[in-house]
Amino acid sequence: KEEAKEEEVKEEKTEKKSEDTVIPEKKFFVGNLANKSDDEIAKVFEPLSDSATFDRVKDQFGFIKTTSAKDVEFLSNYKGEIRVEESGKKKTIDPNMKKFFVGNLMGIQDEEIGKEFEGLGDSAIFERAHDNFGFLKLTDPKDIEWIQKYRGPFKVDESRPKERNNRDSRGGGGGSGGGEVENSVFIKGYGENSDQDITDHFSSAGTVTGASIVRSRGFGFVRFGSQEETLAAIELNGSNLNGESLFVRQVFKDSAGGGRDQRGGGRDQRGGGRDQRGG
């Protein structure tokens, strides 16, 4: 009987494999992995076929590549603690969604965070971007009201994207809009990776609103919707992008309303003018 059962299971697996279809390779971003072991992640994605590969880029995120139609179906419909999104697919953002920065999480386990926010409904989504902070996405008005009244050990602030037409308070004129510069990071070391690869990589920090990659000079800028997301992106300094080690630093606004990266400490603190590189 046991042998018959084993044979039946083998036949079922063979039948499922035969029903699968090989398709052009699809890539999925996998986030919210902080404090999750490789074994835990493997268990979540156990239903995937042998063609699926997982590359953990950093503690909090990685990528799954597959050529199986069944895998794509599973990943597209996955609902759980881990964040899964198809790379290159435009996101539909709920206009009613509000995003809240959650800080002071160093040393706090995900279970403790869940217990602290157990007053929120099932539609609430928490994404841990780093050991010390993460983001809450809320659409239910009751949840939004609850979190706005929250007083507890964690720091909670509503993430508000800065207006792009806001000028520097010192009266700076031209250049990029203040919010756009302040919410940007300077990057180098991306090698031959495509613009899409770079955007996918930085999406672990938040919503990428734009990227300017100057390949002829080997650097670029990636923009985000809020300061909190920009701070999360800075944590990707030294992270691995398909074998390339990324250099990431924050961009600061200069007096003309433009921006410069943090190399050499940015502006000269003693005189308030430009730094001594003469840039």
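The values are calculated or read from the model by the stated rules, or taken from the named source; none is laboratory data. These figures come from a predicted structure and were not determined experimentally. Every residue, glycine among them, receives a Cβ derived from its backbone with ideal geometry; neighbour counts consider all protein chains shown. SASA here: full protein model, heavy atoms, side chains in, ligands and nucleic acids out. Shrake-Rupley method; radii C 1.70, N 1.55, O 1.52, S 1.80 Å.
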Q. When you go through 77, 104, 96 one by one, which is the residue that is surrounded by fewer than 16 Cβ atoms within 10 Å (Cβ to Cβ) and either touching a residue at least 60 places away in the same chain (Cβ under 8 Å) or in contact with a Ser or Thr (Cβ under 9 Å, 6 or more places away or on another chain) (or both)?
A. 96
Q) For region 239-257, which residues satisfy the criterion of being within 24 Å of residue 102 (Cβ to Cβ) and at pLDDT below 90? A) 239, 250
Q. Where residues in region 51-73 are touching a residue at least 40 places away in the same chain (Cβ under 8 Å) and aromatic (Phe, Trp, Tyr), which of them is surrounded by the fewest Cβ atoms within 10 Å (Cβ to Cβ)?
A. 63
**Q.** Residue check for residue 169: farther than 30 Å from residue 216 by Cα, crowded, with 17+ Cβ neighbours inside 10 Å, among the hydroxyl-bearing types (Ser, Thr, Tyr) and modelled with pLDDT under 85
**A.** no
Q) Hey, does region 66-78 have a residue that's more than 29 Å from residue 210 (Cβ to Cβ) and acidic (Asp, Glu)? A) yes
Q: Identify, from the list 48, 33, 120, the residue that is under 28 Å from residue 234 (Cα atoms) and open to solvent by less than 50 Å² (accessible area, probe 1.4 Å).
A: 33
**Q.** Residue list for region 21-30, filter: β-branched (Val, Ile, Thr), part of a strand (DSSP E or B) and open to solvent by 20 Å² or more (accessible area, probe 1.4 Å)
**A.** 22, 23
Q: Considering (1) within 17 Å of the chain's Cα centre (by Cα); (2) modelled with pLDDT of 85 or more; (3) open to solvent by 50 Å² or more (accessible area, probe 1.4 Å), say which one residue 82 fails and leave the rest.
A: (3)
Q | Filter pass, residue 217 being surrounded by fewer than 21 Cβ atoms within 10 Å (Cβ to Cβ), under 28 Å from residue 136 (Cα atoms) and at pLDDT 50 or above | A | no
